[in-house]
Amino acid sequence: MTAATRAIAQACVTVAAGMTVALCPAVSTPALAQPVDVQPALPFPVPPAPPYLDPAFYQPDPARVAAAQPGEILTARQVNLANLWLLPLNVNAWQLSYRSTNTRGEPIAAVATVIVPHRPAPSGQRGLVSFQMAEDSLSINCAPSYSLQMGSLPNPLNPVMQAEFVEVQAMLQLGHAVVIPDHQGPNAAYAVGPLGGRITLDGIRATENFDPAGLSGNDTRVTLWGYSGGAIPTAHAAELQPTYAPELNLVGSATGGLMADIRSAIDYNNGTSTFGGAVLGGLFGVAREYPQVDAFIDRYMNPLGKAVRTVHENQCVTLQFAAFPFVNIKGLFDYPGDPMRSPEMQPVLDELSLGHRGTPTAPLYIYEAPLDEVMPVNAVNNVYDIYCADPNARVFYTRDLLSEHGIAAVSNTASAAMWLNDRLNGVPAPDGCHNRDVYSGILDPGAVGTFVNAIGQTLASALGMPV
């Protein structure tokens, strides 16, 4: 977004309530910076309470939430973060409870973890990375705000966040601040990109308004990053940002292992994939946000399907992926025809798929494995073509030929981090659209060194070295 556009957006949000200004985009009114009392961190070794036992922070008074503006901070507290639940990370870290909006336009409370490194910003202006983790869970107790805290209960069924936390630390080591939203919201609505996109954008607003983070407000360069389940809210946030949060200085978005079309993902995994259970769990997550989908499942899912749903409920990522491999998702419905083509489902499935809101104005970095066993690459190719029909599009798309879903996440981490780091340091993205096929992203110039450095510094930080 240009400075002029941001100025228009900022002017729009200061107009008195009830007035109409033709120049203004359709935008949620962002919260203005306000002083907030910050609760101190828990003393060691007092463990943090899981979200369901911490309603004051995670489920604040609905009237107070409704009275707040999107991104307005409701309460804040310092937290201690750790690798592997126990090895403390020497950074400045807080949790913010803030107001966001669900897909029906209703106010909701959301939570995000804000991390600021001790080291100075490389460009003199600290950038902000909004990192969306692959939570892929149907329990609020699997959220990153809890899982990343020192002393949280070690959960072998939720290891993905600890692995992705290394990527977070790679950006911290480069001198950037990071915000990690609980993008699935208060009901753990897994795979609902339009909800996660709003929560993500409001988390950025809250972080920019949080004085202890030391950011420069709407002038802060912001990027998004997410893989797999984290790519869903990331990609939707990039599409929503021009209308939902146009005042943000979003300079780039990186996604990999992307679910571009939920219909294609269900077709691709129906009875054929070891990851079918994860896609089915996503369908149950969608039902938590869209009452019409929940009603459709209740009406048409057969007894076996409802039993499978009971097992899936309130489980973290590993069980979502490991349970029910090769499940015949459509066979769990007693519906005359393809349940995913039913008239009742189409409006929601359209909303969950990418490419119908227009091309994001921020530059995009996309990486995908054609051999990905859970996310069909053809759907990503199609979204690339849709975006690049816009002459103003800036998209860099890599297909990693020798990887599958898990390997592509690792082999392309360094290249994505380097691309984001350039954007955060003020290096403009190339104009136009560019796509390429590579044997492995780890072969990109500088990728091995960046990857090794990130791992080495993460190990050093586990011994107490400041980040």
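The values are calculated or read from the model by the stated rules, or taken from the named source; none is laboratory data. Since this is a predicted model, take the numbers as computed values, not measurements. All Cβ positions, even for glycine, are placed from backbone atoms using ideal geometry, and neighbour counts span all protein chains on display.
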Q | Conditions (1) surrounded by 20 or more Cβ atoms within 10 Å (Cβ to Cβ); (2) at pLDDT below 95; number of the one not met by V13 | A | (1)
Q) In the stretch 348-467, which helices (runs of 4 or more DSSP H) lie fully inside it and hold 2 or more residues that are in contact with a strand residue (DSSP E or B) (Cβ under 9 Å, 6 or more places away or on another chain) and within 30 Å of F296 (Cα to Cα)? A) 377-388
Q | Only listed residue being at pLDDT 95 or above, surrounded by fewer than 16 Cβ atoms within 10 Å (Cβ to Cβ) and either more than 23 Å from the chain's Cα centre (by Cα) or assigned by TED's automatic domain parsing to the domain that holds E208 (or both), chosen from R64, R77 | A | R64
Q) So which of D261, D267, D298 is out of contact with any helix residue (DSSP H, G or I) (no Cβ under 8 Å at 6 or more places or on another chain) and either among the acidic types (D, E) or surrounded by fewer than 24 Cβ atoms within 10 Å (Cβ to Cβ) (or both)? A) D298
Q) Do you know which residues across the stretch 148-178 are of a type in the set (A, V, I, L, M, F, W, C) and surrounded by 20 or more Cβ atoms within 10 Å (Cβ to Cβ)? A) L148, M150, V160, M161, F165, V168, A170, M171, L172, L174, A177, V178
**Q.** Flag if S152 is in a loop (DSSP other than H, G, I, E, B) and under 18 Å from Y58 (Cα atoms)
**A.** yes
Q. Which one of these is closer than 19 Å to P194 by Cβ and not assigned by TED's automatic domain parsing to the domain that holds E135: L304, L283?
A. L283
Q) Pick from the stretch 360-387 the residues that are β-branched (V, I, T) and in contact (Cβ under 8 Å) with a residue 40 or more places away in the chain: which of them is surrounded by the most Cβ atoms within 10 Å (Cβ to Cβ)? A) V380
Q) Do you know which of the residues in the stretch 37-48 that are outside any strand (DSSP E or B) and surrounded by 17 or more Cβ atoms within 10 Å (Cβ to Cβ) is modelled with the lowest pLDDT? A) L42
Q: Return the total of residues in the stretch 87-124 being in a loop (DSSP other than H, G, I, E, B) and either more than 21 Å from the chain's Cα centre (by Cα) or more than 24 Å from L424 (Cα to Cα) (or both).
A: 15
Q. In the list A67, A112, A76, A56, which residue meets the criterion of being closer than 17 Å to A206 by Cβ and without any contact (Cβ under 8 Å) to a residue 24 or more places away in the chain?
A. A67
Q: Sort out which residues of the stretch 127-149 are in contact with a Lys or Arg (Cβ under 9 Å, 6 or more places away or on another chain) and in a loop (DSSP other than H, G, I, E, B), and write them in order of number.
A: G127, L138
